[in-house]
Amino acid sequence: MRLAILGMSVYLVYTLYQPQADRLIREVKEQVFTTTEAPEALLTAEKEGQQEKQEAETEETADFPERYDSRDYGKAPDVRNQGSLGTCWAVASVSALEASLLPEEHLRFSADHLSLQNGYAKSQDDGGAYTMTMAYLTSWKGPVLAEDDPYGDGYSPEGLSPVKHVQEIRILKDSTSIKEAVQAYGAVQTSLYMDVQKDYSSVYYNERTASYCYPKKEAPNHDILIIGWDDTYPASGFTYHVKGNGAYICQNSWGTSYGENGIFYVSYEDPNIAGYALAYSRVEAPDNYSSIYQSDLLGWVGQLGYGADSCYFANVYTSRGAEALKAVGFYSVGENTEYELAVVEDFKDTLSLAAFSPVQTGKLEHAGFYTVELDQPVALREGQRFAVVVKVRTPGENYPAATEYKADEYTETVDLSDGEGYISMKGYQWSRTETEYNCNVCLKAYTDTEG
């Protein structure tokens with residue numbers, strides 16, 4: 001459960017004649033969950049205030065039942081025990097993914113595979129982050145079944161194929177969206193700060209009522225699930241003085257002996273619960289597309305931009321055969337992202353990108369990873385060099401393009417030789433990201449084999 005926050009810094013580059021992208025390194029969304037190191041603040045007071053105001057405004061218009069529990073609908077996953085390993089993040093991830101398929105499909109995914117085969121240079125004792133989960137799932141490394149990679153043996157076999165393809169993961173930041181997602185997908189993965197002893201006891205935890213509330217703002221250090229809520233849960237049930245009723249119904253990863261068979265209640269007044277939540281909102285069969293084209297196997301490590309809320313970015317790929325380009329996948333680094341999508345069928349050079357002509361537009365309410373289906377698939381021939389191009393505008397974000405790069409010893413496995421990415425301020429002049437900024441663009445393409 002210890003938390004190590006990887007540092008954030010900004011690399012600024014300017015020239016006289018051509019605008020260059022600014023680089024946001026290790027943006028605050030990157031959280032690494034471990035078990036001993038001291039936490040650092042994640043958010044500025046300004047952003048906290050904006051989020052609290054937004055939550056209050058959305059909550060006023062929301063219409064939910066007073067109590068909802070996914071267990072009542074067969075949509076809560078099995079309770080797991082992470083044991084002594086720093087894998088709460090992985091257990092929460094695969095459990096939330098399982099919940100999204102319930103009650104129609106009862107699958108048990110491998111937290112072992114996620115924590116050992118994610119591509120990062122980290123052990124199971126080093127902890128992890130939800131961005132690692134997003135990279136692992138959206139690059140189709142997993143999920144795999146737990147029976148094919150059992151938990152806790154320190155070994156993960158090579159060559160396992162994913163049994164599902166995750167095409168969309170939403171990052172939610174307000175209670176209304178979280179409640180909507182819990183109803184729709186059974187559970188969301190989130191975090192909180194837990195002040196506990198080695199035996200899991202805490203002055204902030206009421207063992208009799210299985211309730212918890214930590215009164216001070218701290219950087220989160222533990223991942224859990226939210227599987228419901230109870231607006232009438234009494235304030236008197238908490239050990240720390242809580243003014244109002246209400247609690248999230250949460251599922252832990254400390255086995256069924258903790259709380260009520262692994263379930264406990266966290267007060268709405270806990271300032272650390274649900275600062276973000278992940279909903280696995282589009283999970284498909286592994287044959288949904290024939291191929292994936294990508295260069296960002298470690299996913300959203302940093303961000304690139306021009307100090308403004310909009311920019312253009314592109315990736316160039318070479319077709320492996322006669323196929324049809326069916327969809328494009330990319331990250332929305334903030335809320336209310338507007339996008340324009342274009343395809344360059346025969347890429348020659350950056351002049352091909354300058355002829356940007358969008359074929360589709362849309363708006364993404366939440367941050368996260370999204371797959372956009374093309375209204376008109378594009379036929380490709382073997383060896384054809386094509387480009388997928390996206391223009392985004394993300395209000396409040398000065399670095400709206402997600403990138404992968406070597407940020408530290410954990411991301412030393414990043415390979416820049418597998419990508420051909422570009423970025424532009426206005427869509428006219430383009431810079432190669434691998435050579436000028438040492439990063440890959442997070443922009444994927446999905447194809448189906450023709451015939």
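Observations on the model:
- Residue count, the stretch 180-192 (criterion: part of a helix (DSSP H, G or I) and either surrounded by 24 or more Cβ atoms within 10 Å (Cβ to Cβ) or at pLDDT below 95 (or both)): 1
- Whichever residue in the stretch 197-220 is touching a residue at least 24 places away in the same chain (Cβ under 8 Å) and closer than 24 Å to D78 by Cβ and, among such residues, is surrounded by the most Cβ atoms within 10 Å (Cβ to Cβ): Y212
- Counted as qualifying within the stretch 398-449 are the strands (runs of 3 or more DSSP E) with 2 or more residues that are among the aliphatic types (A, V, I, L, M) and at pLDDT 95 or above, namely 401-404, 443-449.
- In the stretch 42-90, the residue that is modelled with the lowest pLDDT out of those that are in a helix (DSSP H, G or I) and of a type in the set (S, T, Y) is T58.
- Per-region count, the stretch 251-283, residues at positive phi and over 19 Å from the mean Cα position of the chain (by Cα): 4
- Scanning the stretch 259-271 finds one or more residues that are surrounded by fewer than 19 Cβ atoms within 10 Å (Cβ to Cβ), of a type outside the set (A, V, I, L, M, F, W, C) and not in a loop (DSSP other than H, G, I, E, B).
- Residue in the stretch 276-286 that is of a type in the set (D, E, K, R), within 19 Å of L172 (Cα to Cα) and part of a strand (DSSP E or B) present: yes
- In the stretch 71-89, the residues that are within 16 Å of I226 (Cα to Cα) form Cβ pairs under 8 Å with partners that are in a helix (DSSP H, G or I) and among the charged types (D, E, K, R), at six or more places apart or across chains, as follows: P77/E98; D78/E98.
Rundown of residues vs (1) in a loop (DSSP other than H, G, I, E, B); (2) touching an Asp or Glu at 6+ places or on another chain (Cβ under 9 Å); (3) surrounded by fewer than 18 Cβ atoms within 10 Å (Cβ to Cβ), yes/no style:
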{"residue": "V94", "(1), (2), (3)": "no, no, no"}
{"residue": "E104", "(1), (2), (3)": "yes, no, yes"}
{"residue": "Y120", "(1), (2), (3)": "yes, yes, no"}
{"residue": "Q124", "(1), (2), (3)": "yes, yes, no"}
{"residue": "D153", "(1), (2), (3)": "yes, yes, yes"}
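- Residue in the stretch 200-216 that is more than 26 Å from S84 (Cβ to Cβ), in contact with a Gly (Cβ under 9 Å, 6 or more places away or on another chain), modelled with pLDDT of 95 or more and of a type outside the set (G, A, S) present: yes
The values are calculated or read from the model by the stated rules, or taken from the named source; none is laboratory data. Keep in mind the model is a prediction, meaning the values are calculated, not measured. Methodologically, a virtual Cβ is constructed for each residue, glycine included, from the backbone with ideal geometry; neighbour enumeration extends over all protein chains shown.
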